[in-house]
Amino acid sequence: MKKDHLNTPNFDVWQAIREETEAAAAAEPLLASFLHQTVLRHSTIDSVLAYHLSSKLSSAIMDARALFEMYIQALSSDSSITEAVKLDLLACYERDPACDEYSLPLLYFKGFHAIQAHRINHWLYTCGRKTLAYFLQNRSSEVFGVDIHPAARFGSGLMLDHATGFVVGETAVLGNNISILHGVTLGGSGKESGDRHPKVGDGVMIGANASVLGNIRIGENAKIGAGSVVVAEVQPHTTVVGVPAKPAGKVACNPAAEMDQSIGFVI
């Protein structure tokens, strides 16, 4: 049974993560050192995230310490990144039935890691440090199996489930409270330059291996069926499916929150 943080006054997700990690370290001594280094010796969620990402994305060219310091700089310079991190954690907990602890995405879910790495890459890109942003985009692609252009703009409350094969183009924009499964492409169509990638509204769910192509709008609370190829605008509260995707009816719920993969609909 999952905890109900929504009805818990003064709920602190960082405190919940620490308590879960302490219990995990006691239950599994073989991982006690890992859990201490990754979570328990840190005083903030920013420090945990910076340590975890720098450990995963370090290389012979860029060592973990240099990455850690850069990540801390980004997180301390823009508090909106930390707020988005927390909302992404809660999104994973609320929507993924396999996620029964708040600490799991932070420790083990590469979709969560990929989104947070992108948030910092985007900060670097907008600060004019494009060379470093591109370098870290490449490292994220190698490590997490995703390819997200650092210029792409992401809202908060995002859940990227499994992550493998997720591709996002330069001018894509994602709103808030969106759920996306593996193999999804938010890409361009043709070789035109300029604004050429999708704009995804709040509350949208995109099924596995779907492709959304071109500078098109996906309306709020829309549902895109698995394997669909979307090349035209999708109206709000609408389910689309197929190749090319066609409307299959109206969505009667919040698809990103419900995570219902069926194509059942209400006219």
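Rule-based calculations on the coordinates, nothing more; no lab input. Because the structure is a prediction, the values reported are computed rather than measured. Backbone-built Cβ (ideal geometry, glycine too); neighbour counts: all protein chains shown.
Does segment 1-126 classify as rounded, prolate or oblate by the C-alpha gyration tensor (a ≥ b ≥ c root eigenvalues; a/c under 1.5 gives rounded; else a/b over b/c gives prolate, otherwise oblate)?
On the way: a/c = 1.88, a/b = 1.30, b/c = 1.44.
Oblate.
Given Lys56/Lys86; Lys199/Lys250; Lys86/Lys246; Lys130/Lys191, which pairs have Cα atoms separated by over 24 Å? Check vs 24 Å cut-off fails for Lys86/Lys246. Ordered by the count of other Cβ atoms within 10 Å of each Cβ, fewest first, Cys99, Cys127, Cys92 give Cys127, Cys99, Cys92. From least to most packed, judged by other beta carbons within 10 angstrom and beginning with the fewest, His42, His113, His36 follow the order His36, His42, His113. Entry note, the chain: relative contact order of 10 percent, from Cα contacts under 8 Å with a spacing of 6+ residues. A simple rule links phi to the HN-Hα coupling: the Karplus curve 6.51 cos²θ - 1.76 cosθ + 1.60 with θ = phi - 60°, which for segment 54-62 gives 5, 5, 6, 9, 5, 7, 5, 8, 10 Hz, with x for Gly and Pro. When only the Cβ of Lys, Arg, Asp and Glu is charged (+1, +1, -1, -1), the dipole of segment 43-170 relative to its Cα centre reaches about 380 debye. Each residue in Phe166, Phe34 was given a count of other beta-carbon atoms within 10 angstrom of its own, and listing them fewest first yields Phe34, Phe166. For the chain, the Cβ-based charge dipole about the Cα centre amounts to some 720 debye (Lys, Arg positive; Asp, Glu negative; other atoms uncharged). Annotation: amide H-H contacts under 5 Å for Phe154 (H modelled 1.01 Å from N, sequence separation of 5 or more, or interchain): Leu174.
Dipole of segment 11-146 computed with +1 at Lys/Arg Cβ and -1 at Asp/Glu Cβ about the Cα centre; of Ile17, Leu132, Phe144, farthest Cα towards the positive end is Leu132. Quick one: helix 79-95 against the long Cα principal axis of the chain, what's the angle to the nearest 10°, folded into 0 to 90? Tilt relative to the chain: about 70 degrees. For the options Ala26, Ala257, Ala163, a Gaussian network treatment of the chain with springs between C-alpha atoms closer than 10 Å singles out Ala26 as fluctuating the most. Remark on Ala248: its backbone amide H falls under 5 Å from those of Thr239, Val240, Val241, a criterion applied only to residues 5 or more positions apart or on other chains, H modelled at 1.01 Å from N. Considering only the other residues whose Cβ falls under 11 Å of the Cβ of Gly214, what net charge follows from Lys and Arg at +1 and Asp and Glu at -1? Value of the local net charge: 0.
Restricting attention to the chain, close to 15% of DSSP beta bridges with both partner residues there are antiparallel. In the calculated pair-distance distribution of the chain, the portion above 33 angstrom amounts to 21 percent of the Cα-Cα pairs.
Principal axis analysis of the Cα atoms in segment 134-267 yields extents of 47, 30, 23 Å, listed in decreasing size. When both bridge partners sit in segment 152-267, DSSP labels roughly 20% of those beta bridges antiparallel.
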